[in-house]
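Contents: one structure, followed by commentary.
The values are calculated or read from the model by the stated rules, or taken from the named source; none is laboratory data. Bear in mind the structure is a predicted one, so any value in this text is a computation, not a measurement. Don't worry about glycine lacking a Cβ; one is built from the backbone with ideal geometry, like all the others, and counts go over all protein chains shown.
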């Protein structure tokens, strides 16, 4: 591939004053060597050519993200790469309202029976990458549960949460302040916040891929993905597959459309663990997507967890269910390190509690951590 010519085309396309709007796209190279040479050449030119500075390399999937016009690159260049839209992704949490922390252990943590195994495992040192809106580093319930992480939107800053969703997710997974605040499912696991979502709770697929790449490079054990989109992205599938092959278990929320046979991506990819939401009655929450594409259910209705400025909020959504599952896997991995993503998925799916309700699916049930640990011990 003529890398120099491709860079020249990108430079001209970006600099052209056209009435056609520029759109964010992901360019994946068919050849690993082409990708490597492109990134090397781009790095040399970017300082001198401002129009090239917005290009973001994504080595995990042999790709870059950049803004391009609608017209395709010259045919001789296009045959060496695949171009797809850099789509927007939305969080899977509903409108929130302020709340006080529940006295004692949060109902969702109790319902999945996390306290029954805390004498065996608390998730000690298991690394959970939470790709979300960041985290409130100063929250009293999270101070001992958080590592530095990364801010993909502003690399020079810590991944401070300006939305609240990421802090809520982190609280359910790993809060550790039972006497005065709340306690999460795996209070001695470590949250690595990966800020890919902005103040409004939106991100691009390229931001998610960069987040996955960071998690793989920094050897996360678990990636929590409490977000989704309707359309399939081949680039995102490639990133998820590469993380899966690297031994990282990805937990993804199914979506809040109340649909019976459809779930959002990336939960729809077979390499993830797809999660639906239940309520206090062990029934599927009305808002939760459901059906044969769901691997497991967990509490997701009216969940109280940590929020910005040391506060607490109640939220509902498959986002909240996903954080319960990520915490449970942290407990499992601290007790049985070395389990593969496929083994973890199999253990969780065969150790669930049946759901209640006449229309409850027989194939997938609600997380039961006592059964999960028994199944893992039986397999050892």
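Yes/no per residue for (1) within 26 Å of residue 26 (Cβ to Cβ); (2) touching a helix residue (DSSP H, G or I) at 6+ places or on another chain (Cβ under 7 Å):
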residue	(1), (2)
133	yes, yes
147	no, no
168	no, no
177	no, no
192	yes, no
199	yes, no
213	yes, yes
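Just wondering, is there one or more residues in segment 44-52 that are part of a loop (DSSP other than H, G, I, E, B), closer than 30 Å to residue 303 by Cβ and at pLDDT 75 or above? First the steps, then the outcome.
Taking segment 44-52 as the starting set, the residues that turn out to be part of a loop (DSSP other than H, G, I, E, B) are 47-49.
Adding the requirement that they be closer than 30 Å to residue 303 by Cβ leaves none.
No.
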Scanning segment 121-148 residue by residue, those surrounded by fewer than 24 Cβ atoms within 10 Å (Cβ to Cβ), in a loop (DSSP other than H, G, I, E, B) and modelled with pLDDT of 95 or more turn out to be 121, 122, 124, 125, 137, 138, 140, 147
Residue 103 meets each of (1) in contact with a helix residue (DSSP H, G or I) (Cβ under 9 Å, 6 or more places away or on another chain); (2) surrounded by fewer than 20 Cβ atoms within 10 Å (Cβ to Cβ) with one exception, condition (1)
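Out of contact with any helix residue (DSSP H, G or I) (no Cβ under 7 Å at 6 or more places or on another chain), buried (at least 24 other Cβ atoms within 10 Å of the Cβ) and more than 13 Å from residue 93 (Cβ to Cβ), is that true of residue 329? Step through it out loud before you land on a result.
Numbers: out of contact with any helix residue (DSSP H, G or I) (no Cβ under 7 Å at 6 or more places or on another chain): no; buried (at least 24 other Cβ atoms within 10 Å of the Cβ): yes; more than 13 Å from residue 93 (Cβ to Cβ): yes.
In short, no.
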Any residue in segment 302-317 that is surrounded by fewer than 21 Cβ atoms within 10 Å (Cβ to Cβ) and free of Cβ contacts under 8 Å to residues at least 40 places away in the same chain? yes
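Taking residue 257 as the residue in question, decide whether it is within 16 Å of residue 92 (Cβ to Cβ), touching a residue at least 24 places away in the same chain (Cβ under 8 Å) and crowded, with 20+ Cβ neighbours inside 10 Å. Give the steps one after another, and end with the answer.
Values: within 16 Å of residue 92 (Cβ to Cβ): yes; touching a residue at least 24 places away in the same chain (Cβ under 8 Å): yes; crowded, with 20+ Cβ neighbours inside 10 Å: no.
No.
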Could we say that residue 346 is assigned to a helix (DSSP H, G or I), surrounded by fewer than 23 Cβ atoms within 10 Å (Cβ to Cβ) and touching a residue at least 40 places away in the same chain (Cβ under 8 Å) here? no
Collect the residues in segment 215-231 that are within 19 Å of residue 91 (Cβ to Cβ) and either not in a strand (DSSP E or B) or not assigned by TED's automatic domain parsing to the domain that holds residue 262 (or both), keeping them in residue-number order. 215, 226, 230, 231
